[in-house]
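The values are calculated or read from the model by the stated rules, or taken from the named source; none is laboratory data. These numbers come from a predicted model, not from an experiment. Positions of Cβ are backbone-derived with ideal geometry, glycine not excepted, and every protein chain shown enters the neighbour counts.
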Amino acid sequence: MKRMIAVAAAVQALMGPAYAEAPGVSDHEIRIGEILPLTGPASFAGKAHYLGTKIALAQANDEGGVGGRTVVALTEDDGYVPARTFQSAQKLLSVDGIFAMTGTSGTSHMLAMLPLLEEQDVLTVVSINPAESLYNPVRENIFVVGTSYGNAIHRIMRLAVEERGLKDGKFAIIYQEDDYGANVKAGYDRAVEEFGLNSVAEIPYKRGQKDFAAEMLRVANEGVDFLISGGIISENVAVFKEARKLGLDDLGIGTVWTAHLPIVQKLAGEAANGYLTADYAATLSEEAAQPFMELARKYLDESEVAEINRYSMTSYAGATVLVQAMRECSDDLTRACVKTALESGKAFEVGSALGAVTFAPDRHFSDSPVRVLRSDPEGAGFVPLTNF
Amino acid sequence: MRAGIFKETYPELVRLTDSMPVKVWSILLVLGASLLPALVGSYALSFGTTIVITSIGVVGLNLLTGTCGLISLGHAGFMAVGAYGAGIMALDYGWSAIPAILVGGFAASLSSLLVGVPSLRLKGLYLAITTLAFTVIVTHLILNMPQLTRGSAGLFMPVADLMGIEMKSTGAFYLFALALAVLAVLGVLNLMRSRVGRAFLAIREQDIAAEMMGIHLARFKLLAFAISAFYTGIAGALFAYQVRYINVDSFGLLLSIEALGIIIVGGLGSVAGAVIGTVFMTLLPEGIRILFDLLGAGLQEIFSTRALELRGLIYGAVIILVLRFQPEGLIGIWREVRRIWTNWPFRY
């Protein structure tokens, strides 16, 4: 396999001179970059992602790094502001000279630096925010680990139809008016069409909205059986609480993996009981995540361990995939070789907390299997209802 | 050395400057700024570009808020209108950068009339809230007019071009933005010494008295909004060409508050203050980052992700300290230095 990759990389290097250089690589070090929301409203994800990469690189370096070189992550905070993401990308590319990127902030933030990354052929493994616009159509140097928000919503609605018998029920969605909400809504629309469902209310809301009394009153008046809540953190919490306040005990609520966080259960209190979420990462407390937790305890201090969540596992997976691909090319570490290694179809093992990751030349999206979980704050935390 | 300023005729009073040193230093400053691409790397230059683009918008806001006394929290909206105006013309109609940027400026200017009309009856915080609502409306319209704006997906901008030649390098685009910033600053300085600029000042000091003197409040307030929004629209269009991707996330409400912060820290009502404030507020986070880097990687290890929160705290503390000890803003320091230089060895 190594020889094949080396030959393919050599051919590609001859055809594309842009790949001939390997910035960020020295005899003793490989620099990779991360731009994350370490402050601001999305810092719960940014910090956790940072820690996941820290674990992955500490483990990789303990195992000898990449061909004896230490892998170092240079992390910049964008505060979840696209203009700062762009500025940080300029720094990582022109001052620090990174080889690859693994931390890419939110969707619009990633898109803000995308022209730079594409022009400079920077290998990028996206694991924090698997937005469809990053892999469809395939972008030369961008590889996305995870599944789409739409797939997660579709999986939840399939469960509602097949296992909860809601084929003839009334469905509704409350979604954010932005790219994230559009992805969630796309999954909802796909499920409605595929299963022939009755969608009685499709309610958009503006980002930053905190009160969902009017929206939930409409859901109650329409007699909705199953609601897709397309919020992120506080919006979902508000929807759960409002449903409880209105006495909608029979209303099924589903949302994406942003609700697969203990903080959501804590904020929602009693209202957190029973909502559905879908994720491609394991729950921190379950058996499959324990090897990862052991690594976390080995490489992080106590306060850092307290900050890890599912985003730590996904970033660990992204960084591990990149390290493994780089190891395939340790004798000839160029972006072209690593890209070829990523596209080789090999199943990259990223621990038991996430399924193996595979890419192909025409598919730079791992489309990781997703499963549905039920929130059980007083018991196990999250109870898996389906398998990956 | 000057001991005072004596103006004997009206033309003398309205001259841009009668001081040769000011002219020489201004030319040297522009020349120095033009040499930046030859002296620094693309990262430092990206700060330079951000500073000149932000200066254009902030000079526009300063004209409205600092000079005319009308508070606006809607400038993020004007910036969005400018960015999308230019983006749509460049992408859908293939217009080159200069006409597309001008369309962005005029579109923002036109949209400002919507906010300008309430300003005839509202003042202070009431006006601020009204203008804030404008940004919300603009965001809503962008998201709900996908045929025109591509909705939440946003716009990928082409590389800016000048007479058919693409400005691919950071240096070329920086020089282009710098030229527009110089024109913008000269434009405002000229406006300030005209009847219009003086009318703005009179409205700021006491609008009823200004009206008694024959200043048509409705016309001049709307004009202040239109000119200010034009500048901000141009800044928005340049921002779109700089980042090359825009969507509603790029024009959050915080942007307007940051712009107000810049003119307050720089010195309300002063064009030089607006530019100094822009330089200071843009470079302050980077300065703090460099300070942290100098203190060593150990600090990052100790604080882990909390190091950034510490940086944020320092950023806020520096701004508070500047305003506490220099309430006139940074331009006050410059005025004080100039006064001491002129009067030395006397105090007054």
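Of the conditions (1) of a type outside the set (D, E, K, R); (2) surrounded by 21 or more Cβ atoms within 10 Å (Cβ to Cβ); (3) away from every other protein chain (no Cβ under 14 Å); (4) assigned to a helix (DSSP H, G or I), A:GLY254 clears all except one; give me its number.
(4)
Do you know which residues across region B:151-191 are closer than 30 Å to A:GLY181 by Cβ, in a loop (DSSP other than H, G, I, E, B) and either among the aromatic types (Phe, Trp, Tyr) or modelled with pLDDT under 90 (or both)? Before you say what the answer is, go through the steps one by one.
Residues of region B:151-191 that are closer than 30 Å to A:GLY181 by Cβ, as a first pass: B:151-158.
Then drop every residue that is not in a loop (DSSP other than H, G, I, E, B), which leaves B:154, B:157-158.
B:GLY154 - this is the single residue of region B:151-191 that is closer than 30 Å to A:GLY181 by Cβ, in a loop (DSSP other than H, G, I, E, B) and either among the aromatic types (Phe, Trp, Tyr) or modelled with pLDDT under 90 (or both).
Inspect region A:114-133 for any residue being within 9 Å of another protein chain (Cβ to nearest Cβ), in contact (Cβ under 8 Å) with a residue 60 or more places away in the chain and under 23 Å from A:PHE359 (Cβ atoms) and give the result as yes or no. Lay out the reasoning, then the answer.
Just the residues of region A:114-133 that are within 9 Å of another protein chain (Cβ to nearest Cβ), to begin with: A:114-116, A:119, A:133.
Then drop every residue that is not in contact (Cβ under 8 Å) with a residue 60 or more places away in the chain, which leaves none.
Within region A:114-133, none of the residues are within 9 Å of another protein chain (Cβ to nearest Cβ), in contact (Cβ under 8 Å) with a residue 60 or more places away in the chain and under 23 Å from A:PHE359 (Cβ atoms).
Name the one entry in A:PRO130, A:PRO137 that is in contact with a Phe, Trp or Tyr (Cβ under 9 Å, 6 or more places away or on another chain) and at pLDDT below 95.
Numbers: A:PRO137 fails: in contact with a Phe, Trp or Tyr (Cβ under 9 Å, 6 or more places away or on another chain).
None of the other options fit; the residue is A:PRO130.
Quick check on my filter: what residues within region A:261-306 are part of a loop (DSSP other than H, G, I, E, B) and under 17 Å from the mean Cα position of the chain (by Cα)? Spell out how you get there, then give the answer.
Our first condition is that a residue be part of a loop (DSSP other than H, G, I, E, B); within region A:261-306, this holds for A:261, A:273-275, A:280, A:282-286, A:300-301, A:306.
Listed by number, the residues that qualify are A:LEU261, A:TYR280, A:ALA282, A:THR283, A:LEU284.
Among the listed residues A:ILE35, A:ILE142, A:ILE30, identify the single one that is at negative phi and over 17 Å from the mean Cα position of the chain (by Cα). Write out each step before concluding.
Details: A:ILE35 fails: over 17 Å from the mean Cα position of the chain (by Cα); A:ILE142 fails: over 17 Å from the mean Cα position of the chain (by Cα).
Only one candidate passes the filter, namely A:ILE30.
How many of the residues making up region A:318-368 are surrounded by fewer than 21 Cβ atoms within 10 Å (Cβ to Cβ) and basic (Lys, Arg)?
3
What are the residues in region B:97-116 that are crowded, with 21+ Cβ neighbours inside 10 Å and closer than 17 Å to B:THR135 by Cα, if any?
Answer for region B:97-116, where residues must be crowded, with 21+ Cβ neighbours inside 10 Å and closer than 17 Å to B:THR135 by Cα: B:GLY104, B:GLY105, B:ALA107, B:ALA108, B:SER109, B:SER111, B:SER112, B:VAL115, B:GLY116.
Which numbered condition in (1) in contact with a Phe, Trp or Tyr (Cβ under 9 Å, 6 or more places away or on another chain); (2) of a type in the set (A, V, I, L, M); (3) more than 30 Å from B:LEU148 (Cα to Cα) is the only one that B:ALA218 fails?
Condition (1) is where B:ALA218 drops out.
Kindly provide the set of residues from region B:41-59 that are at the interface with another protein chain (Cβ under 7 Å from one of its Cβ atoms) and surrounded by fewer than 21 Cβ atoms within 10 Å (Cβ to Cβ), ordered by number.
B:GLY41, B:SER42, B:TYR43
Just to check your reading of the model, which residue among B:ARG195, B:ARG204, B:ARG219 is at pLDDT 90 or above, within 23 Å of B:ILE257 (Cα to Cα) and out of contact with any Lys or Arg (no Cβ under 8 Å at 6 or more places or on another chain)? Reasoning before the result, please.
Working: B:ARG195 fails: within 23 Å of B:ILE257 (Cα to Cα); B:ARG219 fails: within 23 Å of B:ILE257 (Cα to Cα).
The conditions single out B:ARG204.
So which pairs qualify, if the first residue must be in region B:82-99 and free of Cβ contacts under 8 Å to residues at least 60 places away in the same chain and assigned to a helix (DSSP H, G or I), the second must be small (Gly, Ala, Ser) and crowded, with 21+ Cβ neighbours inside 10 Å, the Cβ gap must be under 6 Å, and the two must be at least 6 apart or on different chains?
Close Cβ pairs (under 6 Å, with a partner that is small (Gly, Ala, Ser) and crowded, with 21+ Cβ neighbours inside 10 Å) amount to B:MET89/B:ALA100.
If I ask for residues that are within 23 Å of A:VAL95 (Cα to Cα), more than 13 Å from chain B (Cβ to nearest Cβ) and in contact with a Phe, Trp or Tyr (Cβ under 8 Å, 6 or more places away or on another chain), which ones from region A:22-70 would you list?
A:ALA22, A:PRO23, A:GLY24, A:VAL25, A:ILE30, A:ARG31, A:ILE32
Identify, please: which residue in region A:71-107 is among the small types (Gly, Ala, Ser), in contact with a Gly (Cβ under 7 Å, 6 or more places away or on another chain) and at the interface with chain B (Cβ under 9 Å from one of its Cβ atoms) and is, among those, surrounded by the fewest Cβ atoms within 10 Å (Cβ to Cβ)?
Across region A:71-107, the extreme among qualifying residues is A:SER94.
All but one of (1) within 14 Å of chain A (Cβ to nearest Cβ); (2) touching a residue at least 24 places away in the same chain (Cβ under 8 Å) hold for B:LEU113, so report the exception by its number.
(1)
Are any residues in region B:252-297 closer than 20 Å to B:ALA317 by Cα and within 12 Å of chain A (Cβ to nearest Cβ), and if so, which ones?
Those that are closer than 20 Å to B:ALA317 by Cα and within 12 Å of chain A (Cβ to nearest Cβ): B:LEU254, B:LEU255, B:GLU258, B:THR282, B:LEU283, B:PRO285, B:GLU286, B:ILE288, B:ARG289, B:ILE290, B:PHE292, B:ASP293.
Is there any pair linking a residue in region B:116-140 that is free of Cβ contacts under 8 Å to residues at least 40 places away in the same chain to one that is among the polar types (S, T, N, Q) and buried (at least 20 other Cβ atoms within 10 Å of the Cβ), with Cβ under 6 Å and at least six apart or on different chains, and which?
B:PRO118/B:THR130; B:LEU122/B:THR130
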